[in-house]
1. Might you check whether a residue that is at pLDDT below 85 and among the β-branched types (Val, Ile, Thr) occurs anywhere in the range 66-73?
2. Give me a count of the residues in the range 22-47 that are in a loop (DSSP other than H, G, I, E, B), small (Gly, Ala, Ser) and modelled with pLDDT under 85.
3. Please count how many residues of the range 75-103 are exposed (fewer than 10 other Cβ atoms within 10 Å of the Cβ), β-branched (Val, Ile, Thr) and either at pLDDT below 75 or not in a loop (DSSP other than H, G, I, E, B) (or both).
4. Here is a list of conditions, (1) at pLDDT below 85; (2) in a loop (DSSP other than H, G, I, E, B); (3) not aromatic (Phe, Trp, Tyr), and residue 19 meets all of them except one; can you say which number that is?
Amino acid sequence: MPRPSHPLPYRLIAALAALSFVAACGEKQASQAPQIPEVGIVTVKPTSVPVVTELPGRVNAFLVAEVRARADGIVLKREFTEGSQVKAASVCIRSIRRRTSRR
């Protein structure tokens with residue numbers, strides 16, 4: 001069997017292992033008793049907590065209707081409030097009819 005071109009320094013590895021075992025077997029210092037950590041005490045009382053979820057978002061109208069005056073003449077009064085519900089075929093605008101000129 002051919003030998004590798006760079007053999008591992010087995011003696012160096014064995015020396016480092018022996019040195020680490022010897023260092024670990026040295027005398028240990030007398031350990032101090034562990035100190036008791038300071039802690040705080042909290043008394044828990046049951047209370048009701050509201051479940052609230054706030055989510056950012058945008059809304060678009062499902063249905064948009066434009067109300068335009070289709071009356072002849074001058075608009076006297078709007079019979080609806082902007083943004084309110086309007087029933088179909090209801091009177092929305094009061095106006096004065098223009099007089100047609102006769103020749």
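The values are calculated or read from the model by the stated rules, or taken from the named source; none is laboratory data. None of these values were measured; they are calculated from a predicted model. Neighbour counts run over all protein chains shown; Cβ positions are idealised from the backbone, glycine included.
1. Keep residues of the range 66-73 that are at pLDDT below 85, which gives 66-73.
Next, only the ones that are among the β-branched types (Val, Ile, Thr) stay: 67.
Yes: the range 66-73 contains one or more residues that are at pLDDT below 85 and among the β-branched types (Val, Ile, Thr).
2. Step one: of the range 22-47, the residues in a loop (DSSP other than H, G, I, E, B) are 25-47.
Next cut, small (Gly, Ala, Ser) only: 26, 30-31, 33, 40.
Add one more test, that the residue is modelled with pLDDT under 85, and what stays is 26, 30-31, 33.
Counting residues in the range 22-47 that are in a loop (DSSP other than H, G, I, E, B), small (Gly, Ala, Ser) and modelled with pLDDT under 85 gives 4.
3. Matching residues across the range 75-103 total 1.
4. With respect to (1) at pLDDT below 85; (2) in a loop (DSSP other than H, G, I, E, B); (3) not aromatic (Phe, Trp, Tyr), residue 19 is out only on (2).
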